[in-house]
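The values are calculated or read from the model by the stated rules, or taken from the named source; none is laboratory data. Treat the numbers as computed from the prediction; the structure is a model and nothing was measured. A quick note on method: Cβ atoms are made from the backbone with ideal geometry, for glycine too, and the neighbour counts reach across all protein chains shown.
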Amino acid sequence: VTYERENVDEDMSFLEMLDDLNEHLINLDADPVAFDHDCREGICGSCGLVIDGAAHGPRRATTACQLHMRSFKDGDVITVEPWRSTAFPVIRDLVVDRGAFDRIIQAGGFISVPTGTAPDANAIPIPKPTAD
């Protein structure tokens, strides 16, 4: 399905753009696009989308809710897909069943890589020389 939006503010987050699209669709008596979101602060991960073939979109270390429309050129065609994983089957539109992930978290989490102690973990997604 292809939707066209005009006059999208470059300061909108990607999720705000989806909200705007849904308001437009509702005004046309069409079904809105279903998508997940929660904190809209880049913390929870529920807004996981594949945008133009990349997880969360074109910017590194940026979630879909932190991605702004200024990351795209005016007139760009943007392809949005649900998170791709056999563990997360698609429920509707961009919504996936995160039940498998939620069960892991409820069981106390799952760690598969050594991240070091809390002070050694990558708490800031910027290069070390820049942080120093």
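Selection over the range 28-85 of residues that are aliphatic (A, V, I, L, M) and farther than 16 Å from Tyr3 by Cβ gives a count of 7. Note on the range 27-45: among residues that are charged (D, E, K, R) and touching a residue at least 12 places away in the same chain (Cβ under 8 Å), the one that is surrounded by the fewest Cβ atoms within 10 Å (Cβ to Cβ) is Glu41.
Residue check: is Asp11 assigned to a loop (DSSP other than H, G, I, E, B), out of contact with any Ser or Thr (no Cβ under 6 Å at 6 or more places or on another chain), in contact (Cβ under 8 Å) with a residue 12 or more places away in the chain and among the acidic types (Asp, Glu)? Taking the combined requirement at face value, the residue satisfies it.
Each row is one residue, and each column tells you yes or no for (1) within 14 Å of the chain's Cα centre (by Cα); (2) in a loop (DSSP other than H, G, I, E, B); (3) surrounded by fewer than 15 Cβ atoms within 10 Å (Cβ to Cβ).
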{"residue": "Glu6", "(1), (2), (3)": "no, yes, yes"}
{"residue": "Leu25", "(1), (2), (3)": "no, no, yes"}
{"residue": "Arg59", "(1), (2), (3)": "yes, yes, yes"}
{"residue": "Cys65", "(1), (2), (3)": "yes, yes, no"}
{"residue": "Gly75", "(1), (2), (3)": "no, yes, yes"}
{"residue": "Ser85", "(1), (2), (3)": "no, yes, yes"}
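All of (1) crowded, with 17+ Cβ neighbours inside 10 Å; (2) outside any loop (DSSP other than H, G, I, E, B) hold for Glu81 with one exception: (1).
Considering only residues that are surrounded by fewer than 19 Cβ atoms within 10 Å (Cβ to Cβ) and modelled with pLDDT of 90 or more, which ones fall in the range 87-97?
Pro89, Val90, Ile91, Arg92, Asp93, Val95, Asp97
Screening Gly48 against (1) touching a helix residue (DSSP H, G or I) at 6+ places or on another chain (Cβ under 6 Å); (2) surrounded by 19 or more Cβ atoms within 10 Å (Cβ to Cβ) leaves a single unmet condition, (1).
Listed here are the residues, each with its yes/no results for (1) in a helix (DSSP H, G or I); (2) at pLDDT 80 or above; (3) touching a Pro at 6+ places or on another chain (Cβ under 7 Å).
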{"site": "Val33", "(1), (2), (3)": "no, yes, no"}
{"site": "Ser46", "(1), (2), (3)": "no, yes, no"}
{"site": "Arg70", "(1), (2), (3)": "yes, yes, no"}
{"site": "Phe101", "(1), (2), (3)": "yes, yes, no"}
{"site": "Val113", "(1), (2), (3)": "no, no, no"}
{"site": "Pro119", "(1), (2), (3)": "yes, no, no"}
{"site": "Thr130", "(1), (2), (3)": "yes, no, no"}
